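What follows is a short report on a single structure.
The values are calculated or read from the model by the stated rules, or taken from the named source; none is laboratory data. Since we're looking at a predicted model, the values are computed, not measured. All Cβ positions, glycine included, derive from the backbone under ideal geometry; neighbour counts span all protein chains shown. Areas reflect the complete protein model, heavy atoms only, side chains present, ligands, DNA and RNA absent. Shrake-Rupley method; radii C 1.70, N 1.55, O 1.52, S 1.80 Å.
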Amino acid sequence: MSLHDYDNGPRVRPGVRLFVDADLRPGQAAPLTSMQANYALRVMRLQDGAGLLVFNGRDGEWAAALRIDGKARALIEPLRRTREQSPLQDVVYLFAPLKRERMDYVVQKATEMGVGALRPVLTKRTVVERVNGERMRANVIEAAEQCGVLSVPDVRPPEKLSRVLDGWDARRRLIFCDEAATIAPPLAALASIEPGPLAVLIGPEGGFDAEERARLLAAPYVTAISLGPRVMRADTAAVAALALVNAVLGDWRGAE
């Protein structure tokens, strides 16, 4: 990020961009959390009046001034909107939970690629069944702060795949990344999908069991695709699948 100068405002420090829960209005100060204050004051060593960028997922991105109230308490004062709010894509990413570091990676990359919601699903071969929702949320926010995303995806609680499919809205096309599918170019299959709400499903490391796969393939709202001849880890498959969806059906479509 380059330096920005704003009329009657401070110069924004490169790389200092924070998510806040408060509404953003000109001159309406909002407190930072203790962790954010520690990051701003002790890690980045910002001084009172320093410029930074803030966003809340609702009101766009703002240039703000840091205000220090006491030794450790810090607030931000929004000064001027720098970018209007843009919505996330209506894409739900469903995935079997992974071990800690790889789960962090998947959550961060899905956020960077603009998904609207993250939904862990428990399959019959899922190894990791406990999901730390707070950690997922923290990774979502960190990724959004670092990559310039204006909105943060919704983080859903884990649920069994069978129950998710029981309650599925058939108007939302589910793109099923089928490791057992006949290898074929996925672009043609994706191009045949009508515009509308989407979901992408990546299974566990051991793949879906026969019953799960049969149920998915029989559902009229499912489009199965192959990700090619190589066996990918689940975190790699997530990035590959979301890139394909963005290119054919998402906000990369038509980009030069």
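Other residues whose C-beta falls under 13 angstrom from the C-beta of Glu145 contribute a net charge of -1, scoring Lys and Arg +1 and Asp and Glu -1. A 1.4 Å probe run over the protein chains yields, for region 200-256, 51 Å² of accessible area per residue, whole-number rounding. Computed from the alpha carbon atoms alone, the convex hull of region 79-178 holds 118 Å³ per residue. Computed about the Cα centre, the dipole magnitude for the chain is approximately 520 debye when only Lys and Arg (+1) and Asp and Glu (-1) carry charge, each at its Cβ.
If the Kirkwood radius is taken over C-alpha pairs of region 120-213, then at 37 °C and 0.692 mPa s the Stokes-Einstein diffusion coefficient equals 209 µm²/s.
Taken one residue at a time, the phi angles of region 194-204 give Karplus couplings (6.51, -1.76, 1.60, θ = phi - 60°) of 6, x, x, x, 10, 9, 10, 10, 10, x, x Hz. Gly and Pro are set to x. Apply the Debye scattering formula to region 204-248, with a single equal point scatterer on each alpha-carbon and no solvent, then give log10 I(q)/I(0) at q = 0.15, 0.18, 0.24, 0.33 Å⁻¹. Log-scaled intensity ratios, in q order: -0.46, -0.67, -1.06, -1.15. Pair-distance distribution of region 19-168: all C-alpha pairs, bin width 10 Å, starting at 0; shares per bin in whole percent are 11, 35, 29, 18, 7, 1.
Residues Asp178, Asp166 ordered from highest to lowest accessible area at a 1.4 Å probe: Asp166, Asp178.
Shown for region 98-256: the carbon plus sulfur share of the solvent-accessible area, taken with all protein chains present and a 1.4 angstrom probe, equals 51%. If both residues of a DSSP beta bridge must be in the chain, then about 40% of such bridges are antiparallel. Given a 1.4 Å probe and the protein chains as shown, Arg25 ends up with an accessible area of around 100 Å². Calculate log10 I(q)/I(0) of the chain for q = 0.08, 0.12 Å⁻¹, where I(q) comes from the Debye formula with a single equal point scatterer on each Cα and nothing for solvent. Listed by q, the Debye log ratios stand at -0.38, -0.76. Phe208 exposes around 10 Å² of accessible area when a 1.4 Å probe is run over every protein chain in place. Between Pro120, Pro26, Pro158, the residue with the greatest mean-square fluctuation in the GNM of the chain (Cα pairs under 10 Å linked by springs) is Pro26. Between Ala143, Ala234, Ala170, the Gaussian network model of the chain with springs among Cα atoms under 10 angstrom shows the greatest mean-square fluctuation at Ala170. Only lysine pairs 8 or more places apart, or on different chains, with alpha-carbon atoms under 24 angstrom apart are counted in the chain, and they number 5. Neighbours of Val127 by Cβ distance under 14 Å: Lys/Arg scored +1, Asp/Glu scored -1, total +3. Of Val131, Val92, Val43, the residue with the largest accessible area leads and the full order is Val43, Val131, Val92 (1.4 Å probe). When the inverse distances between all different Cα atoms of region 43-108 are averaged and flipped, the Kirkwood radius reads 15.0 angstrom.
Each residue was assigned an accessible area with a 1.4 Å probe, and for Thr223 the value is about 20 Å². Taking Cα centre as origin and charging only the Cβ of basic (Lys, Arg, +1) and acidic (Asp, Glu, -1) residues, the dipole magnitude of region 156-240 rounds to 180 debye.
Shown are Trp168, Trp252, Trp62, whose ranking by accessible area with a 1.4 Å probe and every protein chain present, most to least, is Trp252, Trp168, Trp62.
Between region 58-119 and region 126-203, how far is it from one alpha carbon centroid to the other, in angstrom? That distance is 18 Å.
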